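Each value in this text was obtained by applying a stated rule to the coordinates, not by laboratory testing. Treat the numbers as computed from the prediction; the structure is a model and nothing was measured. Every residue, glycine among them, receives a Cβ derived from its backbone with ideal geometry; neighbour counts consider all protein chains shown.
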Amino acid sequence: RPDWTDDKKSALEGCAAIPIVRLNPFGILNVKKQSEDELRNCGTEYTIFRPGGLNDKWPMNSRPIFSQGDVAVGRINREDVASIMVDLLVTPQATGKTFEGVSVANSEGYYPPAESLGVALDRLVLDKDGGVSEEVARATYAIMQQL
């Protein structure tokens, strides 16, 4: 998000105005972006998973919601992130993709996590195909702001 235009930051204020993005301490977001770009271009298989705000008090074993376009804002428990990371190692649908993840609190078991991440990740766009369009990113933003 550090390289977003002022117009884009204004249009997607819900994800551009969070403190870590606004402050960008020590230019950390620029370093992360550069590192991601280097990983994408190094010639090895990769998956770049960007978890939302880590919160140990957020309910564990909550359903993850994955998105692309760097527009996700939300919370996720660290233990859920660890579980997702392990699952990604054996989920080929994650390879070659960059995506964010937050979770929806498990409302008394009515919306449990899926049995496999593959179905959700299969719907995401490969980085080599150019990632998501601006139109898709804005639509995703509109939906994510409702969670």
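Just a few scattered comments:
- Qualifying chymotrypsin sites (Phe, Trp or Tyr not before Pro) for segment 49-147 [loop in DSSP, other Cβ within 10 Å: at most 13]: 110
- Cut-off 14 Å between beta-carbons: net charge of the residues surrounding residue 88, Lys and Arg +1, Asp and Glu -1: -3
- Among beta bridges from DSSP that stay inside the chain, the antiparallel ones total about 40%.
- For segment 49-147, the list of GluC sites (Glu not before Pro) that fall in a loop by DSSP and count at most 15 other C-beta atoms within 10 angstrom reads 108, 115.
- Stretchable slack from residue 138 to residue 46, in nm (0.36 nm times residue separation minus alpha-carbon distance): 30.6 nm
- Spin-label model distance (nm) - residue 110 vs residue 9, 7 Å beyond Cα toward Cβ: 3.9
- Exposed loop sites here are trypsin sites (Lys or Arg not before Pro) assigned a DSSP state other than H, G, I, E or B and surrounded by at most 14 other beta carbons within 10 Å; excluding them, the longest clear run of the chain is 58-122.
- Net charge dipole size for the chain [Lys, Arg +1 and Asp, Glu -1 on Cβ; Debye, nearest 20]: 300
- Calculated FRET value between residue 128 and residue 89, using beta carbons and R₀ = 22 Å, to 0.05: 0.60
- Shape descriptor for segment 36-147: Rg over Rh equals 0.96 (Cα atoms; Rh from the Kirkwood inverse mean 1/r).
- Listed by chain and number, the lysines placed with their C-alpha closer than 24 angstrom to that of residue 32 are 8, 9, 97, 128; residues fewer than eight positions away on the same chain are left out.
- Here the label points at residue 32 and residue 55, each 7 Å from Cα along the C-beta direction, are separated by 1.7 nm in the simple model.
- Using Cβ point charges alone (K and R +1, D and E -1), the dipole size of segment 8-73 about the Cα centre works out to roughly 240 debye.
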